[in-house]
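The values are calculated or read from the model by the stated rules, or taken from the named source; none is laboratory data. Note that the structure is predicted; figures quoted are calculated from it, not measured. Heads up, the Cβs are rebuilt from the backbone with ideal geometry, glycines too, and the neighbour counts pull from every protein chain shown. All accessible areas refer to the heavy atoms of the entire protein, side chains included, with ligands and DNA or RNA removed. Shrake-Rupley method; radii C 1.70, N 1.55, O 1.52, S 1.80 Å.
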Amino acid sequence: EAQVTQNPRYLITVTGKKLTVTCSQNMNHEYMSWYRQDPGLGLRQIYYSMNVEVTDKGDVPEGYKVSRKEKRNFPLILESPSPNQTSLYFCASAERQNNEQFFGPGTRLTVL
Amino acid sequence: GDSVTQMEGPVTLSEEAFLTINCTYTATGYPSLFWYVQYPGEGLQLLLKATKADDKGSNKGFEATYRKETTSFHLEKGSVQVSDSAVYFCALRYSSASKIIFGSGTRLSIRP
């Protein structure tokens, strides 16, 4: 089944404790992206990647890192999480940058 | 800059009622317009899209028409069902770019 998977789905952590949210797609898509969803703000793009080893900042990249060493994986790294990063995070992928994006199920992160 | 504005929610309707969710946009060019749906606990799914003025997107009984003169893309359905309860996002994207600009989302609840 073609899908985008994220792990974990739920995470509660404390300020400053490094964490990684994984994202994987099995559709051989070139384009991948991370969004955060906050009440009243819709989805905002954090980082995106056009292909392996190519990543770019979105609208709200501060406090996040990403890597794209393999085509299928696009992990989101929070080196030192803070409470303002408490949010619902979505990974998405597309065949190419201007094709339809397919979204993962989301990761709900709480930083205490 | 470009932006999308949706009607505030939540919207609560009875089953078989007529639905309209308003969406207006501000754009410097000629973007494609989208409606995404997010069912409880799931990621976003593309519901319908329109790529140019006067185009009508439709899917699962939902419709929206790209109105350039009023810069609108209102979502309509003639007879809603309980299973339509979800959060709906209006969005725009330029064909040459990957970035999707989302509205803030409208939560829809349908009473049996």
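How many of the residues in region B:18-30 are more than 14 Å from the chain's Cα centre (by Cα) and open to solvent by less than 30 Å² (accessible area, probe 1.4 Å)?
Of all residues in region B:18-30, those more than 14 Å from the chain's Cα centre (by Cα) come to B:18, B:26-30.
Adding the requirement that they be open to solvent by less than 30 Å² (accessible area, probe 1.4 Å) leaves B:29.
Adding up the residues that qualify gives 1.
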Which pairs have Cβ atoms under 8 Å, sit 6 or more apart or on different chains, and link a residue in region B:44-65 that is part of a strand (DSSP E or B) to one that is open to solvent by 10 Å² or more (accessible area, probe 1.4 Å) and among the small types (G, A, S)?
-> B:L48/B:S58; B:K49/B:S32; B:A50/B:S32; B:A64/B:S58
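Is it the case that region B:89-101 has a residue that's within 13 Å of another protein chain (Cβ to nearest Cβ), touching a residue at least 40 places away in the same chain (Cβ under 8 Å) and farther than 21 Å from B:A53 by Cα?
Within region B:89-101, the first condition is being within 13 Å of another protein chain (Cβ to nearest Cβ), and the residues that meet it are B:89-101.
Filter once more, so that each one left must be touching a residue at least 40 places away in the same chain (Cβ under 8 Å): B:89-95, B:100-101.
Those still in the list that are farther than 21 Å from B:A53 by Cα too: none.
Checking region B:89-101: not a single residue is within 13 Å of another protein chain (Cβ to nearest Cβ), touching a residue at least 40 places away in the same chain (Cβ under 8 Å) and farther than 21 Å from B:A53 by Cα.
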Would you check if there is a residue in region B:74-96 being among the hydrophobic types (A, V, I, L, M, F, W, C) and part of a loop (DSSP other than H, G, I, E, B)?
-> yes
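Please determine whether any residue of region A:32-40 is without any contact (Cβ under 8 Å) to a residue 40 or more places away in the chain, within 12 Å of chain B (Cβ to nearest Cβ) and not basic (K, R). Please lay out each step first, then the result.
As a first pass, look at region A:32-40 and keep what is without any contact (Cβ under 8 Å) to a residue 40 or more places away in the chain: A:39-40.
Checking which are within 12 Å of chain B (Cβ to nearest Cβ) leaves us with A:39-40.
Now narrow it down to the ones that are not basic (K, R): A:39-40.
Among the residues of region A:32-40, at least one is without any contact (Cβ under 8 Å) to a residue 40 or more places away in the chain, within 12 Å of chain B (Cβ to nearest Cβ) and not basic (K, R), which makes the answer yes.
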Filter result (in contact with a Lys or Arg (Cβ under 9 Å, 6 or more places away or on another chain) and within 10 Å of chain B (Cβ to nearest Cβ)) within region A:50-66 | A:M50, A:G58, A:D59
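What about A:T13, is it β-branched (V, I, T) and surrounded by 16 or more Cβ atoms within 10 Å (Cβ to Cβ)?
Details: β-branched (V, I, T): yes; surrounded by 16 or more Cβ atoms within 10 Å (Cβ to Cβ): yes.
Yes.
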Look at A:Y47 and say whether it is touching a Pro at 6+ places or on another chain (Cβ under 8 Å), under 23 Å from A:Q25 (Cβ atoms) and touching a residue at least 12 places away in the same chain (Cβ under 8 Å).
-> yes
Looking at region A:67-112, which of its residues are farther than 20 Å from A:M27 by Cα and either within 13 Å of another protein chain (Cβ to nearest Cβ) or under 13 Å from the mean Cα position of the chain (by Cα) (or both)?
-> A:I77, A:L78, A:Q85, A:S87, A:L88, A:Y89, A:T107, A:R108, A:L109
Confirm whether B:L33 is in a strand (DSSP E or B), within 11 Å of chain A (Cβ to nearest Cβ) and under 11 Å from the mean Cα position of the chain (by Cα).
-> no
Long-range neighbours under 6 Å by Cβ, at least six apart or interchain, first residue over 16 Å from B:L75 (Cα atoms) within region B:10-29, second in a strand (DSSP E or B) and open to solvent by 70 Å² or more (accessible area, probe 1.4 Å) = B:S14/B:R111
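Just one of A:R96, A:R108 is among the charged types (D, E, K, R), closer than 22 Å to B:G103 by Cβ and open to solvent by 10 Å² or more (accessible area, probe 1.4 Å); which is it? Spell out the reasoning first.
Details: A:R96 fails: closer than 22 Å to B:G103 by Cβ.
Unique residue meeting the criteria: A:R108.
Just to be sure before I move on: is B:Y39 within 14 Å of another protein chain (Cβ to nearest Cβ), hydroxyl-bearing (S, T, Y) and open to solvent by less than 30 Å² (accessible area, probe 1.4 Å) in the structure I sent?
On the way: within 14 Å of another protein chain (Cβ to nearest Cβ): yes; hydroxyl-bearing (S, T, Y): yes; open to solvent by less than 30 Å² (accessible area, probe 1.4 Å): no.
Judged against the criteria, B:Y39 is not a match.
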